[in-house]
Every structure is written in structure tokens, then in C-alpha cells.
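Asks: Pasting a structure below so you can have a look.
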Amino acid sequence: MTIAPPAATPATGSADEAPSMALAPLLLPPELRLSVEQFALVCEANPEAVLELMADGQLITMTPTGGEAGRRNTRLLARLQVWADSQRGWVVFDSSTGFRLPDGSVLSPDAAVVRQERWQPLTPEHRRGFPPLCPDLVIELASASDTGPRGAEALRRKMAAYQANGAQLGWLLFPEQRAVEIWRAGAYASALVAMQRIESAAVLEGGELLPGLRLELAELWEG
């Protein structure tokens with residue numbers, strides 16, 4: 001992984017006198033392991049980077065999403081926020097939010113929902129940083145490719161991690177296939193692969209866990 005350090009500003013002289021050689025990017029060895037505190041410093045020093053931290057301290061770099069994925073995610077968040085405003089008692093987070101999970105990882109789902117009663121007790125410091133909790137609902141949008149951090153297998157590992165850390169419900173969306181995988185609380189502990197996959201999915205509902213939440217998927221599939 002490559003993270004570019006902050007650009008240096010010449011102390012004196014005009015722009016024409018600036019060194020012609022750009023600063024070399026900072027190369028991080030794959031065996032490097034970071035604490036959550038060190039990870040926070042790396043994120044602060046590299047605000048343009050999209051990073052996650054695995055439970056073993058491994059740093060994962062996420063590439064920016066493409067236009068279609070960005071449109072889908074924006075529409076998804078808008079629908080979640082409308083629901084949260086109507087129901088009250090819920091807080092919605094976008095993909096830029098990193099949650100510090102009980103296993104020590106810091107993961108950023110494409111969308112997340114947390115009960116207000118779990119968010120409210122957090123200190124201002126915890127709210128400004130990586131909230132130390134696992135969302136009640138996590139949603140991930142898979143890319144068309146099965147490789148990379150947004151590929152199906154990588155996202156399934158994340159879904160398993162969310163469940164192991166206390167998420168009550170997970171929705172893994174496959175726009176290219178118009179399919180959904182539903183991950184429920186406790187399912188992963190009972191089997192190596194335990195989830196419900198729905199082909200040609202048209203609607204997702206929150207049920208008793210998230211009353212009133214209903215997502216019409218046609219508009220998400222269309223981007």
C-alpha cells in the first residue's frame with residue numbers, strides 16, 4: 001500500500017525555485033501492524049486516503065468508488081435518513097465513518113444505523129473519533145469485480161466480522177446481479193456460511209428490529 005505524505009512547502013523562494021523532484025510516497029510494508037491509536041494518526045495525516053484497520057492491526061486501503069456506486073450509496077443514505085427522521089430513535093452514518101469494533105478493528109460500512117440510545121451515552125471524544133461500537137444495521141454495496149476490498153469475498157468477511165462484533169442485521173447488496181445477502185445476529189457463530197441470499201430482490205424490510213424501514217431496491221439497482 002502507498003500513502004503519500006503531506007506535500008512540503010518551500011521555506012523561501014518562488015515557485016520556480018522549488019525542487020523539481022517530488023517527495024517519494026511513503027511505502028508501508030505488508031507485515032506492518034498498527035494499534036487503533038496509530039491508525040488514527042495515519043488517517044489524520046492522510047485525509048484523502050480511505051483506510052480500514054483489521055483486528056490483527058493490518059492496514060487495508062480502499063479505492064474510491066466509481067460514479068454508479070456513488071449514486072447508489074447516496075440514494076441509499078437518503079432513504080435511510082428519511083426513515084430515521086420519521087421513526088426517531090435512530091442515527092444514520094455514511095461510508096466515511098469508521099467504527100471501532102470490540103475486536104479492535106476499525107471498519108467503515110457503506111451505510112450504518114445505530115440506535116439513539118447506544119449513540120447518546122458516548123462521550124464527545126468518542127463521537128469525534130471512531131465510535132467504539134458496532135452498528136445495529138450495516139449495509140455494503142459489492143462491486144462488479146469479485147476482487148479487491150469491495151469484492152464479494154472481502155465483503156463477506158466483513159459481514160462475518162460485523163456479526164461477530166454485535167451487529168444485529170447486515171445487508172450485502174449486489175447491484176449487478178440484483179441480489180441481496182441477509183446476515184443476521186448470531187448466524188455466523190452457528191455455521192461457516194450462514195446467510196440468506198435473495199435473487200432478483202425487490203424490497204428489503206427492517207422487520208421488528210427496524211420498524212417501518214422499507215427499501216425499494218429497483219431505484220438502487222438502476223443507480
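Asks: Here's a check for you: in segment 30-48, which residue that is loosely packed, with under 10 Cβ neighbours inside 10 Å and more than 10 Å from Leu59 (Cα to Cα) is modelled with the highest pLDDT?
Replies: Glu37
Asks: Specify which of the listed residues (Val82, Val91) is assigned by TED's automatic domain parsing to the domain that holds Glu205 and part of a strand (DSSP E or B).
Replies: Only one candidate passes the filter, namely Val91.
Asks: Can you name the residue in segment 60-97 that is under 14 Å from the mean Cα position of the chain (by Cα) and modelled with pLDDT under 85 and, of all such residues, is surrounded by the most Cβ atoms within 10 Å (Cβ to Cβ)?
Replies: Taking the candidates together, the pick is Ala69.
Asks: Report, by residue number, each residue of segment 26-50 that is within 17 Å of Asp103 (Cβ to Cβ) and in contact with a strand residue (DSSP E or B) (Cβ under 7 Å, 6 or more places away or on another chain).
Replies: Leu34, Val36, Phe39 - these are the residues of segment 26-50 that are within 17 Å of Asp103 (Cβ to Cβ) and in contact with a strand residue (DSSP E or B) (Cβ under 7 Å, 6 or more places away or on another chain).
Asks: Identify the single condition in (1) closer than 28 Å to Leu41 by Cα; (2) of a type in the set (A, V, I, L, M, F, W, C); (3) not in a helix (DSSP H, G or I) that Ala144 does not satisfy, given that it satisfies every other one.
Replies: Status for Ala144: all satisfied but (1).
Asks: Of these, Ala161, Ala154, which one is in contact (Cβ under 8 Å) with a residue 40 or more places away in the chain, among the small types (Gly, Ala, Ser) and either out of contact with any strand residue (DSSP E or B) (no Cβ under 8 Å at 6 or more places or on another chain) or part of a helix (DSSP H, G or I) (or both)?
Replies: Just a single option satisfies the conditions, and that option is Ala161.
Asks: Separate question: Answer yes or no: is there a residue in segment 98-117 that is free of Cβ contacts under 8 Å to residues at least 24 places away in the same chain and either assigned to a strand (DSSP E or B) or in the same structural domain as Arg214 (by TED's automatic domain parsing) (or both).
Replies: Within segment 98-117 (the criterion being free of Cβ contacts under 8 Å to residues at least 24 places away in the same chain and either assigned to a strand (DSSP E or B) or in the same structural domain as Arg214 (by TED's automatic domain parsing) (or both)), the answer is no, since none of the residues qualifies.
Asks: Here's something else I'd like to know. The conditions are (1) under 22 Å from Ile60 (Cα atoms); (2) touching a strand residue (DSSP E or B) at 6+ places or on another chain (Cβ under 9 Å); (3) modelled with pLDDT under 95, and Cys134 fails exactly one of them. Which is it?
Replies: If we test Cys134 against (1) under 22 Å from Ile60 (Cα atoms); (2) touching a strand residue (DSSP E or B) at 6+ places or on another chain (Cβ under 9 Å); (3) modelled with pLDDT under 95, just (3) comes out false.
Asks: Further question: When you go through (1) more than 22 Å from Asn165 (Cβ to Cβ); (2) touching a strand residue (DSSP E or B) at 6+ places or on another chain (Cβ under 7 Å) one by one for Arg75, which number turns out not to apply?
Replies: All conditions are met except number (2).
Asks: With respect to Ala189, is the statement that it is part of a loop (DSSP other than H, G, I, E, B) and at pLDDT below 95 true?
Replies: no
The values are calculated or read from the model by the stated rules, or taken from the named source; none is laboratory data. All of these numbers come straight from a predicted model, not from anything done at the bench. In this analysis, Cβ positions are derived from the backbone assuming ideal geometry, glycine residues included, and neighbour counts consider all displayed protein chains.
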